[in-house]
Amino acid sequence: YTVILIFFISAALGLQAGGAFSLGPKNVQPLMTARFATPGGLPPWRGNNLPPYAACHITWGSPAAPVTLLDLAALALIAYEENCDEMERLLQESFGSRSPRLEHCSTYDALPRWVSVRFSPARGIGRGTRVFALKGTSSWRDVYADIKLFATIEVLQALSKIVPILSLLPVALVQSIVGFTGNADVKLWNELEDSIMAGQSDGDAMVLTGHSLGGLIAQIVAARQQLPALVFSSPGVLYSARRFQILPESARHVVVLVPDGDVISTVDEQAGVVQRIACLEKNGQAASAATCHRLRKTACEVWRACGDPWARDFSNTCGSYVSEDSLGKPLVEPVADPWQVAQEMR
């Protein structure tokens, strides 16, 4: 176990070095602003009729208070804000007249750190939507939790590059190897589960979201409580299902956004619905693994491809990732015979 721990601490240090020695944001700027205030920035973009990603069409929560993919990305980012007193401002700037009410904000060093907000139903009719957003890895305590949760399956995945043991062994046997570790891991989501269960009596729709480690815990709770969830760049739960005390089948409704090139999403195996998205630099070249794991980069690709029905200003966040002429454009041009083109390129 000590050898495994040393290996993954070294890997974590290497990944963070590739990300400019930053574990995660603490003073968050809003993903988007409800008012346009960026002269010469990117234009409002509501999307077109041919979005390249199926998740563009999905909304979560109550029909009277729906939230979009970009709404949930904004909330997952706000969960990284260190100061709970700043969150009301971030919510107002991000959502304008739709701004949800902040109901809970745990301390920044809590594991997991989570916030909950409530969107009121339009015109006061129908059910509201309560969103629970979980912070990802932004402290060394979070890094240690990542290592502790996934050291065993990461070693098995590394060995599978030499001998394909994960392909040869039944999934149930791998789940047994990863093992059940008692109540130690359950403490990570007990408080959150209790809060969700306490709030279900008011009839609001419940939605979970999170990025990285936060996305993992959101998946676990969504599977255990059978609640909808959208998570970003999260490790999978298939091989670790027994450790997390869930059935893999219970997570099939969870939507996982997986950017190309993001190595964190390849840890374990995804059990939910996977929406793969591109991760390219502004010049069209593949971005680095550290860049592809960033929530802002992921959100900007979603905005570029899907648009925002509320036509908010993404210029400050997405100006360095997205060019105006790429909005709504397919990354691969349609061809009559793609197989023939592929053969010609060889």
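Some values worked out for this structure:
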| read-out | value |
| --- | --- |
| Lys135 open to solvent by 60 Å² or more (accessible area, probe 1.4 Å) and among the basic types (Lys, Arg) | no |
| Near pairs, Cβ below 8 angstrom, 6+ apart or cross-chain, from segment 249-278 (more than 17 Å from Leu72 (Cβ to Cβ)) to any residue that is among the aromatic types (Phe, Trp, Tyr) | Val267/Phe150; Asp268/Phe150; Asp268/Tyr239; Glu269/Tyr239 |
| Tally, over segment 210-262, of residues that are more than 22 Å from Thr59 (Cα to Cα), open to solvent by 20 Å² or more (accessible area, probe 1.4 Å) and either small (Gly, Ala, Ser) or part of a strand (DSSP E or B) (or both) | 1 |
| Index of the failed condition, Lys329 passing every other in (1) open to solvent by 20 Å² or more (accessible area, probe 1.4 Å); (2) in contact with a strand residue (DSSP E or B) (Cβ under 8 Å, 6 or more places away or on another chain) | (2) |
| Among residues of segment 173-198, those that are small (Gly, Ala, Ser) and surrounded by 11 or more Cβ atoms within 10 Å (Cβ to Cβ), counted | 3 |
| Segment 43-95: number of residues that are open to solvent by less than 30 Å² (accessible area, probe 1.4 Å), touching a Leu at 6+ places or on another chain (Cβ under 8 Å) and modelled with pLDDT under 95 | 1 |
| Any hit, segment 272-280, residues being within 21 Å of Gln175 (Cα to Cα), among the β-branched types (Val, Ile, Thr), within 14 Å of the chain's Cα centre (by Cα) and at pLDDT 95 or above | yes |
| Single residue of segment 27-42 satisfying the filter (open to solvent by less than 80 Å² (accessible area, probe 1.4 Å) and polar (S, T, N, Q)) that is farthest from Leu91 (Cα to Cα) | Thr38 |
| Which numbered condition Thr298 fails, given (1) assigned to a helix (DSSP H, G or I); (2) of a type outside the set (Asp, Glu); (3) touching a Gly at 6+ places or on another chain (Cβ under 8 Å) | (3) |
| Qualifying residues in segment 272-320 (those that are among the hydroxyl-bearing types (Ser, Thr, Tyr) and farther than 23 Å from Pro43 by Cβ) - the one surrounded by the most Cβ atoms within 10 Å (Cβ to Cβ) | Thr291 |
| Tally, over segment 96-119, of residues that are over 27 Å from Trp189 (Cβ atoms) and not charged (D, E, K, R) | 3 |
| Single residue of segment 199-209 satisfying the filter (assigned to a helix (DSSP H, G or I) and more than 25 Å from the chain's Cα centre (by Cα)) that is surrounded by the most Cβ atoms within 10 Å (Cβ to Cβ) | Asp202 |
| Test: residue in segment 230-240 that is in contact with a Gly (Cβ under 6 Å, 6 or more places away or on another chain), hydroxyl-bearing (Ser, Thr, Tyr) and under 26 Å from Arg296 (Cβ atoms) | yes |
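The values are calculated or read from the model by the stated rules, or taken from the named source; none is laboratory data. Being a predicted model, the structure only gives us computed values, none of them experimental. Cβ: placed from backbone, ideal geometry, glycine included. Neighbour counts: every protein chain shown. SASA here: full protein model, heavy atoms, side chains in, ligands and nucleic acids out. Shrake-Rupley method; radii C 1.70, N 1.55, O 1.52, S 1.80 Å.
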